[in-house]
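Participant: Please see the structure below; I have some questions.
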Amino acid sequence: MGWMERFFKLKEQGTDVRTELLAGLTTFLTMAYIIFVNPSILGDAGMPKDAVFVATCVAAAIGTLVMGLYANYPIALAPGMGLNAYFAYGVVKGMGYTWEAALGAVFISGCLFLAISLFRIREMIINGIPHSIRTAITAGIGLFLGIIALKNAGIVTASPATLVTLGDLHQTPALLAIAGFFVIVALDRLKVKGAILIGIVAVTILSFLVAGNKFAGIVSAPPSIAPTLMKLDISAALSVGILNVVLVFFLVELFDATGTLMGVANRAGLLKTGKMDRLNKALLADSTAIVAGSMLGTSSTTAYIESAAGVQAGGRTGLTAITVAVLFLACLFIAPLAGAVPAYATAPALFYVSCLMLRELADVAWDDTTESVPAVVTALLMPFTYSIANGIAFGFISYAGLKLLTGRGKEVPVMVWIIAGLFVFMYVYLGGH
């Protein structure tokens with residue numbers, strides 16, 4: 001294992017091979033849902049579901065491998081929720097474009113992304129994020145994880161009268177999720193290795209015994225990727241009408257991934273003076289995955305907030321990410337086994353991580369409302385609009401606007417004005433995301 005120590009600098013990060021592998025498995029279990037959800041959503045856009053399943057696994061593996069081997073961060077990538085819905089219901093079904101043209105738009109946005117990463121423009125954007133917004137991104141992601149977890153557990157449900165309401169707590173999944181949450185928090189507090197993973201596995205085992213979960217076997221042969229491989233239509237995506245789609249993809253990818261990278265790295269203690277050391281490498285991993293995914297046949301790939309679960313389990317290096325990548329490839333053959341872990345089994349893990357990420361709000365300068373209000377706006381808009389990018393957008397706009405209205409416009413970095421302006425343009429002329 002000596003080469004692993006040298007390559008990933010495990011000791012320097014205060015971790016070891018076993019911890020990294022456990023962390024990788026934990027992250028994978030919390031995000032494995034995407035290999036079943038993504039084909040379902042893109043299938044609504046007319047894409048062949050079996051081929052999308054393969055594209056999802058392979059794109060996730062490619063992006064996460066690059067993140068692990070090149071950037072050495074414990075952050076996993078996969079096709080993003082929200083972006084896949086915008087792809088299927090906004091671009092294809094709403095605007096009437098073919099899914100091939102939509103894939104072309106994803107490809108172009110990925111190339112733009114790659115260009116600004118190579119020229120370090122994206123790094124300048126990230127380093128220009130004010131401290132209050134940066135802090136709020138982590139807390140906002142925590143709130144976002146919280147609402148995802150509560151929804152998956154059936155504890156929070158939709159209501160036509162009040163938008164959200166308490167779910168039926170007599171249901172077995174909700175009770176199992178609550179029990180799993182207490183087990184995870186208690187074990188983690190008692191410093192038990194793999195506490196989060198133990199909680200997920202325990203709830204999954206109980207789901208077979210008391211919740212009617214069915215075991216569908218372990219191994220199955222992967223379907224063909226041919227129906228979506230290299231089917232993107234770049235010329236259609238370059239037509240004037242769809243250029244606004246490219247811009248929306250680009251801006252959402254940029255700030256979704258940026259927010260996630262910053263938030264998870266901050267949670268892992270990997271930020272130095274508020275910045276990521278190997279940020280550009282992480283950004284290149286991200287943009288490479290988008291380009292590769294569009295060629296394989298899936299919507300935009302992005303860094304996953306569920307990586308925070310692996311970080312809480314002790315993941316600190318790229319070895320965690322490589323473990324996730326290997327498991328995504330294995331899923332091509334063990335989809336029935338991966339599909340046996342219900343959403344309410346991973347919900348307690350995500351909810352616990354959500355609780356821990358909210359501590360970041362303690363760092364906000366509460367006595368200065370031009371700092372604290374944009375921070376709160378950033379954090380609250382993420383779960384309430386179900387989008388990390390929207391939270392960041394409104395944070396930037398309110399930060400620039402409040403500084404200007406209070407005669408402190410000179411304190412605002414140039415990059416913040418540019419980004420706030422871009423977002424105002426997006427919402428006014430492109431209808432937002």
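The values are calculated or read from the model by the stated rules, or taken from the named source; none is laboratory data. Predicted model only: the values in this text are computed from it and were never measured. Note: ideal-geometry Cβ built from the backbone for every residue, glycine included; neighbour counts use all protein chains shown. We work out accessible area using only protein heavy atoms, side chains counted, and drop any ligands, DNA or RNA first. Shrake-Rupley method; radii C 1.70, N 1.55, O 1.52, S 1.80 Å.
Participant: Using only Cα atoms, locate the centre of segment 339-354 and the centre of segment 102-131, then give the distance between them in Å, rounded to an integer.
Facilitator: Centre-to-centre (Cα) distance: 31 Å.
Participant: Could you give the dipole magnitude of segment 107-255 about its Cα centre, charging the beta-carbon of Lys and Arg +1 and that of Asp and Glu -1, in debye to the nearest 20?
Facilitator: 340 debye
Participant: In sequence order, what are the phi-derived ³J(HN,Hα) couplings for segment 266-277 according to the Karplus relation 6.51 cos²θ - 1.76 cosθ + 1.60 with θ = phi - 60°, rounded to whole Hz, with x for glycine and proline?
Facilitator: 5, 4, 7, x, 9, 8, 10, 6, x, 10, 8, 4
Participant: Let me ask something additional. Using a 1.4 angstrom probe on heavy atoms only, work out the carbon and sulfur share of the accessible area of segment 225-371 in %.
Facilitator: 66 percent
Participant: Follow-up. Each residue of segment 311-319 in order: what ³J(HN,Hα) in whole Hz does its phi give by Karplus 6.51 cos²θ - 1.76 cosθ + 1.60, θ = phi - 60°, with x for Gly and Pro?
Facilitator: So the Karplus estimates, Gly and Pro as x, are 5, 5, 7, x, x, 9, 10, x, 5 Hz.
Participant: What does segment 2-69 give for Rg and for Dmax, in Å, if only its C-alpha atoms count?
Facilitator: That works out to 16.0, 49 Å for Rg and Dmax.
Participant: On to the next question. How do 209-215, 62-68 rank on mean C-beta neighbours within 10 Å, highest first?
Facilitator: Result, highest mean first: 62-68, 209-215.
Participant: Using a 1.4 angstrom probe with every protein chain in place, what is the largest-first accessible-area order of HIS170, HIS131?
Facilitator: Largest to smallest exposure gives the sequence HIS170, HIS131.
Participant: As I understand it, the dipole of the chain uses +1 on the Cβ of Lys and Arg and -1 on the Cβ of Asp and Glu, about the Cα centre. Which of ALA60, ILE397, LEU21 lies farthest toward its positive end?
Facilitator: Among ALA60, ILE397, LEU21, the one farthest towards the positive end of the dipole of the chain is LEU21.
Participant: Compare the peptides 144-157, 38-51, 218-231 by average per-residue count of other Cβ atoms within 10 angstrom and give them in order, highest first.
Facilitator: Values: 144-157: 21.9, 38-51: 20.3, 218-231: 14.5.
Going from most to least packed, we get 144-157, 38-51, 218-231.
Participant: Also, I was wondering about something else. Given a Förster distance of 45 Å, report the FRET efficiency between TYR70 and PHE208 from their Cβ-Cβ distance, rounded to the nearest 0.05.
Facilitator: Details: r = 39 Å, r/R0 = 0.87.
For R0 = 45 Å, the calculated efficiency reads 0.70.
Participant: Let me understand segment 11-125 better: what is its radius of gyration from the alpha carbons, and its Dmax, in angstrom?
Facilitator: 16.6, 53
Participant: So the label point goes 7 Å from the Cα of VAL17 along Cα→C-beta, right? Which residues of segment 47-80 then have their backbone N under 18 Å from it?
Facilitator: 69
Participant: Let me ask another. Taking every eigenvalue of the Cα gyration tensor of segment 215-304, multiplying by 5 and rooting it, what semi-axes result, largest first, whole Å?
Facilitator: Gyration-tensor ellipsoid for segment 215-304: 29, 23, 11 Å.
Participant: Relative contact order of the chain, please, whole-number percent, based on alpha carbon pairs below 8 angstrom and at least 6 residues apart.
Facilitator: Reported relative contact order: 34 percent.
Participant: Note down the net charge around GLY80, summing +1 for each Lys or Arg and -1 for each Asp or Glu among other residues with Cβ under 15 Å from its Cβ.
Facilitator: Overall, the nearby charge balance is -4.
Participant: Restrict the search to segment 233-335; then list the chymotrypsin sites (Phe, Trp or Tyr not before Pro) that DSSP places in a loop and that have at most 13 other Cβ atoms within 10 Å of their Cβ. Each step should come with its number before you reach the end.
Facilitator: Values: sites: PHE249, PHE250, PHE255, TYR304, PHE328, PHE333; in loops: TYR304.
Passing sites in segment 233-335 do not exist.
Participant: Counting C-alpha atoms alone, how compact is segment 345-433: give Rg to one decimal and Dmax as a whole number, in angstrom.
Facilitator: Gyration radius and largest Cα-Cα distance of segment 345-433: 15.0, 51 Å.
Participant: In whole angstrom, how far apart do the alpha carbon centroids of segment 8-60 and segment 188-241 sit?
Facilitator: 7 Å
Participant: Run the paramagnetic zone check for GLU411: 7 angstrom along Cα to Cβ, then residues of segment 104-141 with backbone nitrogen under 12 Å.
Facilitator: Inside the label zone: 131-132.
Participant: Below 8 Å, C-alpha to C-alpha, sequence gap of six or more: please give me the relative contact order for segment 2-59 in percent.
Facilitator: Relative contact order comes out at 22 percent.
Participant: For segment 1-110, which whole percent of the accessible surface, found with a 1.4 angstrom probe, sits on carbon and sulfur atoms?
Facilitator: That fraction is 64 percent.
Participant: Which number comes out as Rg/Rh for the chain once both Rg and the Kirkwood Rh are worked out on C-alpha atoms? Provide the component values of the computation, followed by the final result.
Facilitator: Details: Rg = 20.8 Å, Rh = 21.8 Å.
We get a ratio of 0.95 for the chain.
Participant: Out of all Cα-Cα pairs in segment 114-210, roughly what percent, to the nearest whole number, are more than 22 Å apart?
Facilitator: 54 percent
Participant: With the crude spin-label approximation of a point 7 Å out along Cα→Cβ, what separation in nm comes out for ILE234 versus ASP168?
Facilitator: 5.2 nm
Participant: Suppose every Lys and Arg Cβ carries +1 and every Asp and Glu Cβ carries -1, with no other charges. What dipole size does the chain come out with about its Cα centre, to the nearest 20 debye?
Facilitator: Working: 25 positive and 22 negative charges, 119 e Å.
The calculation lands at about 580 debye.
Participant: Over segment 130-241, what is the relative contact order in whole percent, taking alpha-carbon pairs under 8 Å and six or more residues apart?
Facilitator: 14 percent
Participant: Which order do ARG408, ARG359 take when ranked by solvent-accessible area (1.4 Å probe, heavy atoms of all protein chains), largest first?
Facilitator: Solvent-accessible surface, decreasing: ARG359, ARG408.
Participant: Arrange the residues GLU12, GLU253 by how much accessible surface each exposes, largest first, with a 1.4 angstrom probe.
Facilitator: Accessible-area ranking of GLU12, GLU253, largest first: GLU12, GLU253.
Participant: Also: With a probe of 1.4 Å, find how much accessible area segment 331-377 has per residue, and write the answer as a whole number in Å².
Facilitator: 38 Å²
Participant: Return one whole number: the accessible area per residue of segment 203-260 in Å², for a 1.4 Å probe.
Facilitator: Accessible area per residue, segment 203-260: 47 Å².
Participant: Across segment 190-266, how large is the tail of the calculated P(r) beyond 18 Å, expressed as a percent of all Cα pairs?
Facilitator: Details: 2182 of 2926 pairs.
Summing the P(r) tail past 18 Å for segment 190-266 gives 75 percent.
Participant: If amide H atoms are built 1.01 Å from N in the plane of the peptide, which residues on other chains or at least 5 residues away come under 5 Å of the amide H of VAL164?
Facilitator: Correct list: SER159.
Participant: I would also like to ask the following. Given a 1.4 angstrom probe, what's the average accessible area per residue across segment 69-197, in square angstrom?
Facilitator: Details: 5450 Å² over 129 residues.
So segment 69-197 comes to 42 Å² accessible per residue, rounded to a whole number.
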